[in-house]
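Taking it in order: structure first as structure tokens, then the write-up.
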Amino acid sequence: MSEEGMNNTTVEHEYGADQIQILEGLEAVRKRPGMYIGSTSSRGLHHLVYEIVDNSVDEALAGFCDTIEVTINEGNSVTVQDNGRGIPVGINHKAGIPAVEVVFTILHAGGKFGGGGYKVSGGLHGVGASVVNALSDWLEVEICQDGKVYKQRYERGHVCYPLKEIGTCPVEKTGTKVTFLPDATIFTETTVYEFDILKRRLREMAFLTKGLRIILRDDRKEDEIVINNENSQINELLERAEADKKEEAAEKKAKVVEFYYEGGIKEFVAYLNKSKTPLYENILYFEGQKNNVYVEVAFQHNDSYNESVFSFVNNINTPEGGTHLQGFRNAITKTFNDYARGAKLLKDSEPNLSGEDIREGLTAIISVKIEDPQFEGQTKQKLGNSEARGAVDSIVSEQLTYFLELNPTIAKSICEKSILAQRAREAARKARDLTRRKTALEGMSLPGKLADCSDKDPKNCEIYIVEGDSAGGSAKTARSRATQAILPLRGKILNVEKARLDKIYANAEIKAMITAFGTGIHEDFDITKLRYDKIILMTDADVDGAHISTLLLTFLYRFMPDLIKEGHVYLAKPPLYKLEKNKKVWYAYSDEELENILKEVGRDQNNKIQRYKGLGEMDAEQLWETTMDPERRILMRVNYDEEMESEIDLTFTTLMGDKVEPRRDFIEENAKFVKNLDI
Ligand code: 28F
């Protein structure tokens, strides 16, 4: 709230102590926005939308709303509309103002003013509409109720006028519509909404709320395409071609998407498995309520070796799991072992299947709805409520036991896959023990191909993983020996999406990386042992290079995800072009940049433009100047968005899976999992 706003309130009702408290509450939100929405970056900006949508989702969960429409308007305001009962407009007696005004102007309205038990879903911080209001330049709410339309407007949290009737509507029409413009003085990084970000989260919300229709629309005009005439004819042609391409892309880009999943998380599992080969056709789905915990679980195995299990509490992703996930794991481990013993698939002499064996190739969603979720752990992302453990465990155990009895073919194929996993794991353990013993004997011998750096403080050190021996050679010559280590990898990197553990541990390139990093992997992983602060993947700037990077990233994501989560993994960005003119040299890292350089130096005959096809075309000096010198290089940090875990998983499996169709879709959609860190 601006100070001027505090003194010069234009509100028409009298300001008693209560109202002053209200303003102080919202003032606190504006002073420390991060405390309420996590951050004021693009992520926080998008959170505003989720907070408002959450209120509609709550209304849907209460059984009164089946459609939510979200519109990005011109100028980047956002409208959210639902067909629920409409926020009550009657006077809230405790506060002495209409309930809707309470919702938008009092912090934590849900708990304090008669909302007890109403709020089920919740944004990252579950703080709701008043926070969005406080952080908006303006916000308008319209409510249809009993044949009347009510409206109120706020500016930076201040009421502009008392709730008023602005018209009529058919009595059967009810609902709430909220439009807000994020305050640019708060969201200083960006106030531009990204369609794809909203799309991903709204899709997830729709998956998690079966039967709810969510529509996302983008009403913004495409960027005006400016063609300037001051440049040469060639330039104009080039730009026109560029403009045509843009226009085409704009037309192709869907402006409206609609999500509706009758099967809810069952369809979520199908979506996650779409680029994989399922082990059986059914998607198992269990639902129930126990100890005041509503539980939904869906899963299906595929023929891969990875686990893709995602858990949610009140529609919020819990990347660190917690009691609900423990309940699920307990239940499937116990139930499958019981079944395998009973069906004599597992002999008396054989040990039990481990949880990991049973989860090999498992795609699952665990979703619980709980009144008062308690979050634990460093990042407060781990569910702590013990009643959730028991509820999930007993609902899954009971219904899964029944399902397995009725579907012996499916039961058998899951058990058989788990038994194979058990054997592979045993073989992998032996192989690992062997390497452990070896390293103990040889005293942590580093891979022979590694050119290590001399500085022993990991904080100062970086390792370049380089494709091919020849580029590796140039990199070794080019590097700064004190702080840059080079590990050249030969030939094709193993695709860990398609190999079992024993084979992965036996792979020479993977072994070299593991020993070089020093961290160990999987359950042995210890990030404090990391020998380099930056792990930089340096591959050719072509399709093969991108493929190799993806293989490497997949390995890191599956086996050392914390390296990515904690921001240690980077992609080097070699130049695409070298331009020479009058003995001067320019490097361009994108087509756009080449155009800009050409504009600057002029487009003459004697320009020499070289398109780099691979790192191997550069000599050591060029490689240093363009790609390795910390002062001049461009690094892209690989970014792990915990909130969209399931999408990250999908990205990797889609790129690495063997079904052709989904991969093409993916490349066309061009989802981003890397973020430009710039120079
Ligand atoms: C576009 C955003 O915020 N929709 C909402 C409702 C409906 C009720 C409600 C909301 C009652 C006293 C807290 C209606 N009738 N969309 C929305 N729809 N909030 S928010 O109640 C709020 C509580 O204060 C509602 C009967 N009960 C609840």
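The values are calculated or read from the model by the stated rules, or taken from the named source; none is laboratory data. These numbers were taken from a predicted model, which means no experiment stands behind them. Cβ placement follows ideal geometry from the backbone for every residue including glycine, while neighbour counts extend to all protein chains displayed.
Residue-level analysis places residue 363 among those that are part of a strand (DSSP E or B), in contact (Cβ under 8 Å) with a residue 40 or more places away in the chain and touching a helix residue (DSSP H, G or I) at 6+ places or on another chain (Cβ under 8 Å).
Can we say residue 364 is touching a Leu at 6+ places or on another chain (Cβ under 6 Å) and either under 17 Å from residue 328 (Cα atoms) or modelled with pLDDT of 95 or more (or both)? No: the conditions fail for residue 364. Residues of region 480-493 that are farther than 24 Å from residue 544 by Cα, surrounded by 15 or more Cβ atoms within 10 Å (Cβ to Cβ) and out of contact with any strand residue (DSSP E or B) (no Cβ under 7 Å at 6 or more places or on another chain): none at all. All told, residue 259 meets the bar of being farther than 21 Å from residue 398 by Cα, in contact with a helix residue (DSSP H, G or I) (Cβ under 7 Å, 6 or more places away or on another chain), in a strand (DSSP E or B) and in contact (Cβ under 8 Å) with a residue 12 or more places away in the chain.
Tell me whether region 138-151 contains one or more residues that are in a strand (DSSP E or B), at pLDDT 95 or above and surrounded by fewer than 17 Cβ atoms within 10 Å (Cβ to Cβ). Yes; the residues of region 138-151 include at least one that is in a strand (DSSP E or B), at pLDDT 95 or above and surrounded by fewer than 17 Cβ atoms within 10 Å (Cβ to Cβ). Take residue 337 and tell me if it is in contact with a Leu (Cβ under 6 Å, 6 or more places away or on another chain) and of a type outside the set (Gly, Ala, Ser). The answer is yes for residue 337. Counting the residues of region 580-599 that are over 18 Å from residue 632 (Cβ atoms) and in a helix (DSSP H, G or I) gives 5. How many residues are within 24 Å of residue 613 (Cα to Cα), outside any helix (DSSP H, G or I) and touching a Gly at 6+ places or on another chain (Cβ under 9 Å) if we restrict to region 446-505? Final tally of qualifying residues: 10. Do you know which residues across region 192-209 are buried (at least 18 other Cβ atoms within 10 Å of the Cβ) and in a loop (DSSP other than H, G, I, E, B)? 193, 209 - these are the residues of region 192-209 that are buried (at least 18 other Cβ atoms within 10 Å of the Cβ) and in a loop (DSSP other than H, G, I, E, B). Within region 78-99, the set of residues being under 17 Å from residue 145 (Cβ atoms) and more than 8 Å from the ligand (Cβ to nearest atom) comprises 83, 89, 90, 91, 97, 98. So which residues in region 557-573 are buried (at least 19 other Cβ atoms within 10 Å of the Cβ), under 15 Å from the mean Cα position of the chain (by Cα) and either farther than 23 Å from residue 504 by Cα or at pLDDT 90 or above (or both)? 564 - this is the single residue of region 557-573 that is buried (at least 19 other Cβ atoms within 10 Å of the Cβ), under 15 Å from the mean Cα position of the chain (by Cα) and either farther than 23 Å from residue 504 by Cα or at pLDDT 90 or above (or both).
Restricting attention to region 154-177 and to residues that are basic (Lys, Arg) and surrounded by 16 or more Cβ atoms within 10 Å (Cβ to Cβ), the residue that is nearest to the ligand (Cβ to nearest atom) turns out to be 177. Selection of region 152-184 for residues being over 22 Å from residue 39 (Cα atoms), in contact with a strand residue (DSSP E or B) (Cβ under 8 Å, 6 or more places away or on another chain), in a loop (DSSP other than H, G, I, E, B) and among the aliphatic types (A, V, I, L, M) yields only 163.
In the set (1) more than 10 Å from the ligand (Cβ to nearest atom); (2) modelled with pLDDT under 90, residue 105 fails one condition alone, (2). Hey, could you check region 64-77 for residues that are more than 8 Å from the ligand (Cβ to nearest atom) and not charged (D, E, K, R) and say which is surrounded by the most Cβ atoms within 10 Å (Cβ to Cβ)? My answer is 70.
When residue 477 is tested against (1) crowded, with 18+ Cβ neighbours inside 10 Å; (2) at pLDDT 90 or above, just one condition goes unmet, and that condition is (1).
Looking across region 516-549, the residues that are part of a loop (DSSP other than H, G, I, E, B), touching a Gly at 6+ places or on another chain (Cβ under 9 Å) and buried (at least 18 other Cβ atoms within 10 Å of the Cβ) come down to 530, 531, 532, 539, 540, 541.
Residue 496 falls short on exactly one of the conditions (1) buried (at least 20 other Cβ atoms within 10 Å of the Cβ); (2) closer than 19 Å to residue 634 by Cα, and that condition is (2). Suppose we keep only residues that are in contact (Cβ under 8 Å) with a residue 40 or more places away in the chain and more than 26 Å from residue 184 (Cα to Cα) within region 48-63. Which one would you say is nearest to the ligand (Cβ to nearest atom)? Ranking the qualifying residues of region 48-63, first place goes to 59. From the list 413, 386, the lone residue that is touching a His at 6+ places or on another chain (Cβ under 9 Å) and surrounded by fewer than 18 Cβ atoms within 10 Å (Cβ to Cβ) is 413. Enumerate the pairs (first residue in region 161-172 and closer than 14 Å to residue 85 by Cα; second residue anywhere and surrounded by 10 or more Cβ atoms within 10 Å (Cβ to Cβ)) with beta-carbon separation below 8 Å, excluding pairs fewer than 6 apart on the same chain, so at least 6 apart or on different chains. Filtered contacts from region 161-172: 169/144; 169/147; 169/148; 169/149; 170/147; 171/146; 171/147. Per the listing 123, 114, the residue uniquely of a type outside the set (Val, Ile, Thr), more than 11 Å from the ligand (Cβ to nearest atom), modelled with pLDDT under 50 and out of contact with any Cys (no Cβ under 7 Å at 6 or more places or on another chain) is 123. Only one entry of 353, 400, 346 meets the criterion of being in contact with a helix residue (DSSP H, G or I) (Cβ under 8 Å, 6 or more places away or on another chain), hydrophobic (A, V, I, L, M, F, W, C), farther than 29 Å from residue 207 by Cα and modelled with pLDDT of 95 or more, and that entry is 353. Is there a residue being under 30 Å from residue 268 (Cβ atoms), among the β-branched types (Val, Ile, Thr), outside any loop (DSSP other than H, G, I, E, B) and at pLDDT below 80 anywhere in region 629-652? Taking every residue of region 629-652 in turn, at least one turns out to be under 30 Å from residue 268 (Cβ atoms), among the β-branched types (Val, Ile, Thr), outside any loop (DSSP other than H, G, I, E, B) and at pLDDT below 80.
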